[in-house]
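The values are calculated or read from the model by the stated rules, or taken from the named source; none is laboratory data. Computed from a predicted model, the values in this text were never measured in an experiment. For neighbour counting, all protein chains shown are included, and Cβ atoms are generated from backbone atoms with ideal geometry for every residue, glycine included.
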Amino acid sequence: MWAFAGGVGPGRVWSRRDRAGHRAWAGNGEQVFKDKLDYIVAGLKECQDAWAARVGQGGASAPYYTCHKIMRGLLDAHTLAGNATALAVARGMGEWVHSRLGHLPRAQLDRMWSLYIAGEYGGMNEIMADLHALTGNPTFLETARCFDNTALLADCVAGLDSLDGRHANQHIPQFLGYLRLFEESGETRYRTAAANFFDMVVPHRTYAHGGTGQGEIFRKRDVIAGSIVNTTNAETCAAYNMMKLARGLFFHTPHARYLDHHEKTLVNQILGSRRDANSTEDPLVTYMVPVGPGVRRGYGNIGTCCGGTGLENHTKFQDTIYFRSPADDTLYVNLFIASTLRWDSRGVTVTQTGDFPRTDTSTLTVTGSGRFDLRLRVPSWAALTVTLNGSPCTTTPGADGYASILRTWRTGDRVELRFPYRLRTTPTVDDQSLQSLSYGPLALIGKSSRTDTLPIPGDPVAGATPGPRPLTFTVNGTLFEPFHLADTNPYHAYFRRV
Ligand SMILES: [Zn+2]
């Protein structure tokens, strides 16, 4: 899982001060998270032992969606926190899954997976491929293939977009699994399907904040304005899983466009999906993050899938900032989030300082020495300028969308990045006068309680004046704020240009 990824050290990791409780153990090493995790794994082991003693193998049923969640947590407990019991429990569950599915005819499997909600199995194929990687047991790879959703898989391999009307978060995780199946089996059709699927969703079914879906369902390709329905757009889990898919695809096709989507979703929908308020009793996370006229966000949520995903979402701010190449000679700087990277295999530490996304500058300071290629993501929304120890550098992006600085680095080298924010409007593809406003990577929303579409006369970029707080603007008397400011006031993610 982490073969290609650089980690983030326990140094300063950017987070909002009111979210301290949501930083997980893998990111910051706080013992309280590890203790809780070990306690849960021990409990699950007891349950498994008791169940095996009473009923033996088989004879019970479990919805695979929940099965995946438990197994995912167990494997993360093993790989990220070194809990050996967790792997043993997950392996036992994997063997049980094989005993249930391994002998079933393909037609029966296909019928199951085509049903809602029986077919919503989360990332069962991903977890079985992970078990294969960890154990080397080919049975687990065979079991991963049992979850092939044959018809949709074939469509996506062929680049045929048949997503209209399909349940979004039922299907997105299946493609995370196909990507892992490609990694474990080398069968390129699985990777092709995942890449094509991503391209069907981004940008063709993606809203201004990075989210997708309406009423949990994918709507027609290139129908954005026509699929904005009040409060029911953009399930949070779907945004989470599309970010994960973007990240996974980057490992095979390193290109800035995947990180553009990741960042857009992270600093808009995900950052706005936890209310700006303290609570020790309520996670205050979202289910839908709507984009309709005059909508409000509902925070709370301990009952839906998004309640669980919502807790994990806010560990994502310290993830994916850096990757290293398989040859360990290239460092990708993907996100401009203040952080400290310990690149232990190279004896190098890179410290990134700044206040992204509040500011449009960031500074990288190198400690240690060695020759490597520092690749800086050139975001789609800015003209990046870079200085190295005070001297301007060329920032023409390469074919991968990254600017490269290949040199022998020394302690104290400083790379200063400027990615100036500017206001811009983006029309929806199916209605040119229905538009969204953004500022750098930040989607802006008009704060208004009117429930019809917000009209803006003239050019909002030309007519905008600075608002009362940083990153805010006033346009035609309406306050526009960053999407991620997480309150329950009514807003408009889109406006009508008149
Ligand atoms: Zn959900």
>> Condition check: within 15 Å of the ligand (Cβ to nearest atom) and in contact (Cβ under 8 Å) with a residue 12 or more places away in the chain. Does ARG297 satisfy that?
In response: yes
>> Among the residues of segment 173-188, are any at pLDDT 95 or above and in a loop (DSSP other than H, G, I, E, B)?
In response: yes
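Among the candidates SER114, SER162, which residue alone is surrounded by fewer than 19 Cβ atoms within 10 Å (Cβ to Cβ), closer than 26 Å to LEU259 by Cα and assigned by TED's automatic domain parsing to the domain that holds LEU245? It would help to see each step written out before you state the result.
Working: SER114 fails: closer than 26 Å to LEU259 by Cα.
Just one listed residue meets the conditions, SER162.
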> Under the condition of being within 16 Å of the ligand (Cβ to nearest atom) and crowded, with 21+ Cβ neighbours inside 10 Å, which residue from segment 306-325 is farthest from the chain's Cα centre (by Cα)?
Replying inline: CYS306
>> For the list (1) more than 16 Å from the ligand (Cβ to nearest atom); (2) within 24 Å of the chain's Cα centre (by Cα), I need the number of the one condition that PRO173 fails.
In response: (1)
> Just one of the numbered conditions (1) over 23 Å from TYR402 (Cβ atoms); (2) within 16 Å of the ligand (Cβ to nearest atom); (3) charged (D, E, K, R) is not true of ARG358; which one?
Replying inline: (2)
>> Among the listed residues VAL386, VAL378, VAL366, VAL348, identify the single one that is touching a Cys at 6+ places or on another chain (Cβ under 9 Å) and outside the structural domain of ALA443 (by TED's automatic domain parsing).
In response: VAL386
>> Among (1) under 27 Å from ARG274 (Cα atoms); (2) at pLDDT 95 or above; (3) not charged (D, E, K, R), there is one condition GLY307 misses while meeting the rest; what is its number?
In response: (2)
> Could you give every pair whose Cβ atoms fall below 8 Å, whose first residue belongs to segment 273-287 and is in the same structural domain as HIS314 (by TED's automatic domain parsing) and among the basic types (Lys, Arg), and whose second residue is within 16 Å of the ligand (Cβ to nearest atom) and not in a loop (DSSP other than H, G, I, E, B), counting only separations of at least 6 or pairs across chains?
Replying inline: ARG274/VAL285; ARG274/GLY310; ARG274/ASN313; ARG275/VAL285
> Among the residues of segment 464-490, how many are in contact with a Pro (Cβ under 8 Å, 6 or more places away or on another chain) and farther than 12 Å from LEU444 by Cβ?
Replying inline: 1
> Which residues, taken from segment 234-245, are buried (at least 24 other Cβ atoms within 10 Å of the Cβ) and either away from the ligand (no atom under 13 Å from the Cβ) or free of Cβ contacts under 8 Å to residues at least 40 places away in the same chain (or both)?
Replying inline: MET243, LEU245
> If you scan segment 176-219, which residues turn out to be on the phi < 0 side of the Ramachandran plot, within 16 Å of the ligand (Cβ to nearest atom), in contact with an Asp or Glu (Cβ under 9 Å, 6 or more places away or on another chain) and not hydrophobic (A, V, I, L, M, F, W, C)?
Replying inline: GLY211, THR212
> So, of the residues in segment 246-287 that are in a helix (DSSP H, G or I) and within 16 Å of the ligand (Cβ to nearest atom), which turns out to be farthest from GLY308 (Cα to Cα)?
Replying inline: THR265
> Between residues in segment 307-334 that are farther than 21 Å from SER369 by Cβ and among the β-branched types (Val, Ile, Thr) and residues that are part of a helix (DSSP H, G or I) and modelled with pLDDT of 95 or more, which pairs lie under 7 Å by C-beta distance while being six or more apart or on different chains?
Replying inline: THR309/THR236; THR309/CYS237; THR309/TYR240; THR320/ARG247; THR320/HIS262
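Determine whether LEU87 is modelled with pLDDT of 90 or more and closer than 29 Å to PHE336 by Cα.
On the way: modelled with pLDDT of 90 or more: yes; closer than 29 Å to PHE336 by Cα: no.
So LEU87 does not fit the description; no.
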>> Return the residues of segment 326-360 that are under 19 Å from LYS316 (Cα atoms), assigned to a loop (DSSP other than H, G, I, E, B) and not hydrophobic (A, V, I, L, M, F, W, C); say none if nothing qualifies.
In response: ASN334, ASP355, PRO357, ARG358
